[in-house]
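All remarks here apply to the structure that follows.
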Amino acid sequence: MKVFKFGGASVKNADAVRNLGKILNRYDENLVVVISAMGKTTDLLETLVRAYFEKNNSKWEIFSEFKNYHTEICNQLFGEGKTPALVLEQFDDLEEKLEKKPSLDYNFEYDQIICFGELVSTCIVSEFLNASGKVNQWIDARTVIRTDDLYRDANIDWELTEEFCKETFTFIDNNLYITQGFIGSTPANITTTLGREGSDFTAAIIGNVLNAESVSFWKDVPGVLSADPKKMAGTSKIDSLSYREAVEMTHSGAKIIHPKTMKPLHNKGIPLYVKSFLAPDDAGTVIHEIDHKIQLPPIFILREHQVLITLSPKDFSFISIEDIDRVVNFLIENRVKVTLMQQSAIDLNLVLDGQEADWDWLMQELSPYYTLRYNTGLTLITIRHYTEEVLDWMVKEKDIYLEQHSRLTARMLVKE
C-alpha cells in the first residue's frame, strides 16, 4: 500500500478537487490519502479562533466566510444547493462550538476549532469521489492518530496509533481511504493538532505504522527545488535527496516538507516522493537512503520576519553554562521555538520567528537577569553546499547581524 498527501493548494477550488480525482483514478492499488484544509482555510480559521477566544462577535462573520467558501465549492461539484449531509454536519458542529463560551486555554480552543478546515475539506473530497465512481471510505483521523494533550504541538502515542491504524485501514472491503492531516486526539477523545503544516507528518506517521511501500506528497511545484521559486529566480529541481539532507533543509526552514516528517520514514526505510499535481507523469524528487556522496547545487532557504534578541548579563560577566541553562529551560517551559542560537563572550543571541513568537513578552520576562537589545525585520538565509562565490553574491550590500558556518551550511541573518 501507499500513502498520498495532498496540500491545501491541491484542493483550493472545485477544479483542483476534480484534478485530484483524476490523479487518484490513475491508481488501483491500496491507498490512504491524507488531505489538508482547502486553500488558505487554516489562516482564516486562525482569525476565527482569536475572535472566539476574545468573545468578539466578528466570529460569526468569519464563520460565514468559511461556510460560504466551502458551500460554493460544493455547488460547483454537486450542483446548486446540494451540499452533502456530511459537510453540513461539520458546519453545524462548528456553529455549535462557537455558541459556547470559550475556556481560559487558548491552545485548547485553537485545536477544537482549527480542525474543521481538514474535516470539511476531506468530507467534500470523499463525497465527490464517491459520486464520481471512485469508491472510498472517509476516516476521521482523530480515531486513529492518538496523542498526548500538548495542544497545538501534540506528541504521538505511537503504540495506540499503530494499533488503531491497523484496525481501521484493513483494505478488506475497500482499497481507498480518505482522511485528514494535522489533527489527532487524546485518549479522552479531545481534539489535538500536530503543529502548523502538520499534514505531512500525518502521512509519514501512517506510512510508518502501516509499513507503506512509499509516501508521496503532491505539490504545486515539480519537486524539491534549490530555492523557493517565489523568492528567487533560476531555481533547479533536485532529482534525489538523502533523508539527512532533507532533515537539514526542513530544520533550516524549507517549507516544502514538515520538519517532523523524515524521522518516521527514515526509521522504516520508506521513500518519500515529492511530485507535482499539475504534472503527475513527471518523476518529481525522491528522498531515500543514500550511502554515497552525491553532488548537489547550492540550496537556498530564506526565513523571513525574524527577530534577533541579544541577552547580556547585567554585571558584565561572561555568558556561562548556567545562563544558557536558565534561558533554554525558560524557552522549553514556555514553548518558545528558536530559529537560531549563538553565544559569544558576554552575549547570548536568540533568533525567533517574529510572526509566531511573543518576543515582546519574552524580553520582559528575561529583563530582570539581562540587558536586552533587539532587531526586527530580519531574514535568515541558509545556504547548503555553499561556495565562497555564492556567499559573496548572496550577502552583497546587505547588513549581516549574525553569521554561522559549518562544513556544508552557511547561515546569515541579514536586514530585509
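Please enumerate the residues belonging to region 277-286 that are open to solvent by less than 10 Å² (accessible area, probe 1.4 Å) and touching an Asp or Glu at 6+ places or on another chain (Cβ under 8 Å). Walk me through how you get there before you give the answer.
Filtering region 277-286 for residues open to solvent by less than 10 Å² (accessible area, probe 1.4 Å) gives 284-285.
Of everything in region 277-286, just one residue is open to solvent by less than 10 Å² (accessible area, probe 1.4 Å) and touching an Asp or Glu at 6+ places or on another chain (Cβ under 8 Å), namely 285.
Residues of region 92-103 that are in a loop (DSSP other than H, G, I, E, B) and loosely packed, with under 14 Cβ neighbours inside 10 Å: 100, 101, 103.
Residues to consider are 203, 141; find the one that is in contact with a Lys or Arg (Cβ under 6 Å, 6 or more places away or on another chain), among the aliphatic types (A, V, I, L, M) and within 13 Å of residue 35 (Cβ to Cβ).
Working: 141 fails: in contact with a Lys or Arg (Cβ under 6 Å, 6 or more places away or on another chain).
Every option except 203 fails the conditions.
Take the conditions touching a residue at least 12 places away in the same chain (Cβ under 8 Å), within 30 Å of residue 107 (Cα to Cα), open to solvent by 80 Å² or more (accessible area, probe 1.4 Å) and not hydroxyl-bearing (Ser, Thr, Tyr) and apply them to residue 364. Does it pass? No, not satisfied.
Residues in region 342-357 that are farther than 16 Å from residue 313 by Cβ, open to solvent by 20 Å² or more (accessible area, probe 1.4 Å) and hydrophobic (A, V, I, L, M, F, W, C): 357 alone. Name the residues in region 323-337 that are surrounded by fewer than 11 Cβ atoms within 10 Å (Cβ to Cβ) and either among the polar types (S, T, N, Q) or modelled with pLDDT of 90 or more (or both), would you? 325, 329 - these are the residues of region 323-337 that are surrounded by fewer than 11 Cβ atoms within 10 Å (Cβ to Cβ) and either among the polar types (S, T, N, Q) or modelled with pLDDT of 90 or more (or both). For region 367-374, the condition holds for no residue, the condition being that it is within 25 Å of residue 226 (Cβ to Cβ) and surrounded by 15 or more Cβ atoms within 10 Å (Cβ to Cβ).
Hey, could you check region 1-37 for residues that are among the basic types (Lys, Arg) and touching a strand residue (DSSP E or B) at 6+ places or on another chain (Cβ under 8 Å) and say which is nearest to residue 90 (Cα to Cα)? Once the filter is applied, the top-ranked residue is 5. Checking the stated criteria, residue 314 turns out not to satisfy the condition of being surrounded by fewer than 18 Cβ atoms within 10 Å (Cβ to Cβ), touching a helix residue (DSSP H, G or I) at 6+ places or on another chain (Cβ under 8 Å) and not hydroxyl-bearing (Ser, Thr, Tyr). Just one residue in the set 82, 59 is in a helix (DSSP H, G or I) and of a type outside the set (Phe, Trp, Tyr); that residue is 59. In region 265-293, the residues that are within 22 Å of residue 201 (Cα to Cα) and in a helix (DSSP H, G or I) reach residues that are open to solvent by less than 30 Å² (accessible area, probe 1.4 Å) and of a type outside the set (A, V, I, L, M, F, W, C) with C-beta atoms within less than 6 angstrom, at least six apart or across chains, in these pairs: 266/243; 268/208. Among the residues of region 294-311 satisfying the criterion of being farther than 18 Å from residue 232 by Cα and modelled with pLDDT of 90 or more, which is surrounded by the most Cβ atoms within 10 Å (Cβ to Cβ)? Per the criteria, the residue is 306.
Any idea how many residues of region 294-307 are among the β-branched types (Val, Ile, Thr) and not in a strand (DSSP E or B)? Give the derivation first.
First, the residues of region 294-307 that are among the β-branched types (Val, Ile, Thr): 294, 299, 301, 307.
Among the residues that remain, those that are also not in a strand (DSSP E or B) are: 294.
Here the count works out to 1.
Being among the β-branched types (Val, Ile, Thr) and over 25 Å from residue 312 (Cβ atoms) is not true of residue 371.
Kindly establish whether residue 89 is in a helix (DSSP H, G or I), in contact with a helix residue (DSSP H, G or I) (Cβ under 7 Å, 6 or more places away or on another chain) and either over 19 Å from residue 6 (Cβ atoms) or free of Cβ contacts under 8 Å to residues at least 24 places away in the same chain (or both). Quick ask: steps written out before the conclusion?
Details: in a helix (DSSP H, G or I): yes; in contact with a helix residue (DSSP H, G or I) (Cβ under 7 Å, 6 or more places away or on another chain): no; either over 19 Å from residue 6 (Cβ atoms) or free of Cβ contacts under 8 Å to residues at least 24 places away in the same chain (or both): yes.
Considered against the rule, which asks whether it is in a helix (DSSP H, G or I), in contact with a helix residue (DSSP H, G or I) (Cβ under 7 Å, 6 or more places away or on another chain) and either over 19 Å from residue 6 (Cβ atoms) or free of Cβ contacts under 8 Å to residues at least 24 places away in the same chain (or both), residue 89 comes out as no.
When residue 65 is tested against (1) farther than 17 Å from residue 96 by Cβ; (2) within 23 Å of the chain's Cα centre (by Cα), only condition (2) is not met.
Out of everything in region 222-264 that is part of a loop (DSSP other than H, G, I, E, B) and hydrophobic (A, V, I, L, M, F, W, C), what residue ends up being surrounded by the fewest Cβ atoms within 10 Å (Cβ to Cβ)? Reasoning before the result, please.
Narrowing region 222-264 to residues part of a loop (DSSP other than H, G, I, E, B): 222-224, 226-236, 238-239, 252-261.
This time we only want the ones that are hydrophobic (A, V, I, L, M, F, W, C), so: 224, 227, 232-233, 238, 254, 256-257.
On the way: 224: 25, 227: 19, 232: 13, 233: 6, 238: 21, 254: 22, 256: 20, 257: 23.
The residue in question is 233.
Across region 35-63, the qualifying residues are those that are crowded, with 17+ Cβ neighbours inside 10 Å and polar (S, T, N, Q), and the one among them that is farthest from residue 130 (Cα to Cα) is 42. Out of everything in region 144-200 that is open to solvent by 30 Å² or more (accessible area, probe 1.4 Å) and of a type in the set (Ser, Thr, Tyr), what residue ends up being farthest from residue 39 (Cα to Cα)? That would be 170.
Pairs meeting the criteria (first residue in region 3-18 and more than 20 Å from residue 68 (Cβ to Cβ), second residue surrounded by 18 or more Cβ atoms within 10 Å (Cβ to Cβ) and among the charged types (D, E, K, R), beta carbons under 7 Å, at least 6 apart or on different chains) are 5/200; 7/219.
Within region 25-34, identify whether any single residue is over 22 Å from residue 198 (Cα atoms), open to solvent by 10 Å² or more (accessible area, probe 1.4 Å), assigned to a helix (DSSP H, G or I) and not basic (Lys, Arg), and answer yes or no. Quick ask: steps written out before the conclusion?
As a first pass, look at region 25-34 and keep what is over 22 Å from residue 198 (Cα atoms): 25-30.
Now drop any that are not open to solvent by 10 Å² or more (accessible area, probe 1.4 Å), which leaves 25-30.
Restricting the remaining residues to those that are assigned to a helix (DSSP H, G or I) gives none.
No, region 25-34 contains no residue that is over 22 Å from residue 198 (Cα atoms), open to solvent by 10 Å² or more (accessible area, probe 1.4 Å), assigned to a helix (DSSP H, G or I) and not basic (Lys, Arg).
The values are calculated or read from the model by the stated rules, or taken from the named source; none is laboratory data. Computed from a predicted model, the values in this text were never measured in an experiment. Cβ sites come from the backbone with ideal geometry, for glycine too, and all protein chains shown count toward neighbours. Heavy atoms of the whole protein, side chains included, go into the accessibility calculation; ligands, DNA and RNA do not. Shrake-Rupley method; radii C 1.70, N 1.55, O 1.52, S 1.80 Å.
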